[in-house]
Structure formats: structure tokens, C-alpha cells
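Asks: I'd like to ask you about the structure that follows.
Throughout, read-outs are computed from the coordinates displayed, never taken from laboratory work. Quick caveat, the model's predicted, so the values are computed rather than measured. For neighbour counting, all protein chains shown are included, and Cβ atoms are generated from backbone atoms with ideal geometry for every residue, glycine included.
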Amino acid sequence: MKKISVIVPCYNEHETIEIFYNEIIKYFDDKYDYKIIFVNDGSKDNSLDIMRELGNKDSRVLYVGFSRNFGKEAAMYAGLEAAQRIHSDAALFMDVDLQDPPELLPEMLGYYEEGYNLIMTKQKDRKGQGLFGKMCSLGFYKVYAFVTKDKGMAKGSRDFCLMDKKVINAFLQIKDNERFTKGIFHYVGFKTKMIEFEYKERVAGTTKWNFRKLLKYAFLGMREFSRFYEYIPKIFAWIFALITLFDIGYGIGYAIYNDVNFFTEAMNWTNLRIDFGLTLLFIGIFYVIRLLYDVRSHAQKRPIYIEEESNIVLDDED
């Protein structure tokens, strides 16, 4: 019997955890061995207490608790590690607020049985999102595709997905401290299927995302999967290089047209030195940023998360 793990990151979600549990188990098929892995991301409410209670009454409910809030990306990574520890054949990411519809579970498992390694989802539209949010979202996908050269990320794509062992193992090989899951999915590849669904409201509680967090997350994605910050000094270096060439060209043209000495009368050497100096400055900044990228990628050895409590015990563990 194949083991399927449903990974559910939670941060201050005491209003939704039991609702999610009662809903998701309706779609569990007896031919699979299901586990629900709640990841408590340093919640300040009683989310962890609810997870404990559910785990005590249902052995299919597992949980991992962090020592503090590490963020949803870390929670997703911890959930996959837990799924790997219990030898899951496949795992799903789902939001606890039920904006990821559990009724898609049978369809996703159907594609999994057909041989797809990764079954992803996307919303058909941006219903429920304001005009400003829609514009920001569209702008992000356009800019992300430009700076990363990744044209495959679907607009409206969700973290809600099902992955088999190959994808789980590949995902966990990437040890980035600051993670952008949507980018990682496209980075690892494999045979992928996309499913669309209609927008759904949260069943309870309030979203933990705001514009500042979303903007930070967008910049994180572009930074992790591109040399995003190199574009700025590179653009300015090209601008001032072109201005330098224009200064030289203008001087040559002025000297020929007015029949004067190029070096003493036609050229504005002060402007030329400034423009050429600025070109070299931005080239230098470009290479400093590239060096810092490389140093940072090799220097960070901090753990992605710190586990404080869990009810996951393997047979070979005390």
C-alpha cells in the first residue's frame, strides 16, 4: 500500500486546523496509507495544542513544531523531510485554510498513478483579488520570466501540488537557506501535469501575507534564481559606456566639421573622464556583487529550521 503524506504548514491557524482535518479525511481512499503532517511554524496561538490533540486521537496525524517562526518555505521543507523519514511514496503541499480544494486529491492521485512525477495546480483567475494586486502579480511573473529566463512558471500557480519520491529527493537536495518553492519546482524538472481550479475563499481566520511580505518574497524568488541584482550596475555600465562613446564620436565629428584639433579643441576631456570613470565604477560594482553572491552561497551553513517538538517516531528510533 502506497503511503501518501499531506504536508500542511501552519502559523497561528488555530481556527482552521480542525476544519481542515475534518474536510481532508473525507477524500482519503482506503487503498492508500495516508498521513497528515502539520508543521507548526512557531505559532503564538494554540495551534500546536490542537495538533497534539488530533495526533492523540488519530495516528494518521503527525506534527513538527519549530522553535520559532522560520517561514512557510522552511515549514514546507521540514514537512518534506518528515515525509521522507516515514518513507512516503508521494507527498502533497496544502494550505490549511482550504483555499487548496481537497476535492482535487483523487484527480491528482489519478495523474500520479499515470506516471506523472509532479502534479501542480493553478487558479483559473484572480477572483477575490483587487486591481492593484492583479497588476502586481502580473508584473511579477513578467519580470521573473525576464530576469530568470524561466518562461514555464504559470500565472496563478500555487504551492498546492503532489510529488513522487523522485521529486521529494530532488527538492531536499537543494539546501538554500532562503527558499523559493515555485522556482525550485521548475528547477528540478521531471514529468509535470498542471491542474486548474476556481478561486476559493479562506474557511476561517485571516491571511498572514501582506504587500510587504509578498514584495519581499518576489524579490527573493528573482534573487535566488537569477543574477537579479547584477542587472542594475550592468545597465548603468552600458549607459555610461554609450555616453563615453558618444562623447568621443561627438568630438571627432566636431573636429572634422570645424577643422579644428581633436585633442585640444574638440574634446571635452572633463566630461569624458567622468563618463569613463562612471563606466568603470559600475563595472566594478557588478563584479563585487557577483563575488558576494558566490561567497554567500558557500558561506551560509545555518539550518533551514530548528525543530523543537514532534510526534514522528520511526520503528528504529527510541
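Asks: At a 10 Å Cβ-Cβ cut-off, how would you order 19, 50, fewest neighbours first? Can you show the working numbers first?
Replies: Values: 19 16, 50 22.
Ascending number of Cβ neighbours within 10 Å: 19, 50.
Asks: Find out how many positive minus negative residues lie around residue 267, taking Lys and Arg as positive, Asp and Glu as negative, among other residues whose Cβ is under 11 Å from that of residue 267. Display every interim value, and only then the final one.
Replies: On the way: positive: 273; negative: 247, 265.
Net charge around residue 267: -1.
Asks: Which order do peptides 90-99, 266-275 fall in by mean Cβ count within 10 Å, highest first? Provide the component values of the computation, followed by the final result.
Replies: Numbers: 90-99: 23.2, 266-275: 14.5.
Ranking, from highest mean packing down: 90-99, 266-275.
Asks: Which FRET efficiency value, to the nearest 0.05, is calculated for residue 273 and residue 173 with the Förster distance at 41 angstrom and r the Cβ-Cβ distance?
Replies: 0.25
Asks: Taking a threshold of 31 Å on the Cα-Cα distance, which of the pairs 191/234; 3/57; 72/124; 166/234 fall above it?
Replies: Working: 191/234 36 Å; 3/57 20 Å; 72/124 23 Å; 166/234 38 Å.
Violating the 31 Å Cα-Cα cut-off are 191/234; 166/234.
Asks: Report the local net charge at residue 281: Lys and Arg +1, Asp and Glu -1, summed over other residues whose C-beta lies under 14 Å from its C-beta. Walk me through the numbers before you get to the answer.
Replies: Numbers: positive: 234, 273; negative: 275.
Within the 14 Å Cβ shell, the charges total +1.
Asks: Considering the alpha-carbon set of the range 1-83 alone, what are its Rg and its Dmax in angstrom?
Replies: Radius of gyration, then largest Cα-Cα span, for the range 1-83: 12.3, 37 Å.
Asks: Using Cβ counts within 10 Å as a stand-in for footprinting exposure, how do 77, 11 rank, fewest first? Could you put the intermediate results ahead of the total?
Replies: Numbers: 77 25, 11 20.
Exposure proxy ranking, most exposed first: 11, 77.
Asks: So, one more: Only counting other Cβ atoms within 10 Å, I'd like 232, 195 sorted with the fewest neighbours first. Could you put the intermediate results ahead of the total?
Replies: Details: 232 13, 195 16.
Starting with the residue having the fewest Cβ neighbours, the order is 232, 195.
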